[in-house]
Amino acid sequence: MILFTHLKCITPSVDRMVNMLGCLPRGFRRKCFVNVLYLKIHVDVQVSKMNKDAQMRAAINQKLIETGERERLKELLRAKLIECGWKDQLKAHCKEVIKEKGLEHVTVDDLVAEITPKGRALVPDSVKKELLQRIRTFLAQHASL
């Protein structure tokens with residue numbers, strides 16, 4: 001999503017570059033124009049692809065919600081994370097962070113920012129693979145998306 005935002009910001013800059021080409025020497029202007037035009041087309045194509053990806057993600061998410069599969073996947077994930085000890089590991093890490101920084105100096109936002117990377121890293125590959133397989137199965141069954 002960050003890339004999408006950056007590409008949207010680039011498009012007006014490319015338009016300004018095209019407008020500035022008028023003050024360059026003729027031969028150089030042509031070369032620059034081709035490069036700027038290529039850049040503009042490339043950026044537009046990338047933005048279009050990202051729009052389609054975002055639309056596809058939204059359609060899949062909507063179908064997951066409508067069918068109740070999203071909640072079932074969340075419950076499966078919760079159960080698997082508790083089963084493998086992930087929840088306990090993350091809870092212990094939270095306690096460490098609070099102990100290091102002091103209860104008065106830690107906000108919820110600070111704590112979330114601190115533990116999120118570790119939390120993601122601690123999710124076992126087997127859990128990720130199982131969840132991904134369930135999503136693929138769901139998509140195969142609902143191929144009209």
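The numbers here are math on the coordinates, done by the rules we state, and not lab data. A quick note: this is a predicted structure, and the numbers were derived from the prediction, not measured. All Cβ positions, even for glycine, are placed from backbone atoms using ideal geometry, and neighbour counts span all protein chains on display.
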Shape call, region 80-136: gyration tensor on alpha carbons, a/c limit 1.5: prolate
Roughly how many nanometres apart are two label points built 7 Å out from the Cα toward the Cβ at residue 48 and residue 78? 4.3 nm
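Work out the FRET efficiency for residue 57 and residue 101 from their Cβ-Cβ distance, taking R0 = 41 Å, and round it to the nearest 0.05.
0.70
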Length gained when the stretch residue 120-residue 65 is fully extended (0.36 nm per residue, less Cα-Cα span): 17.5 nm
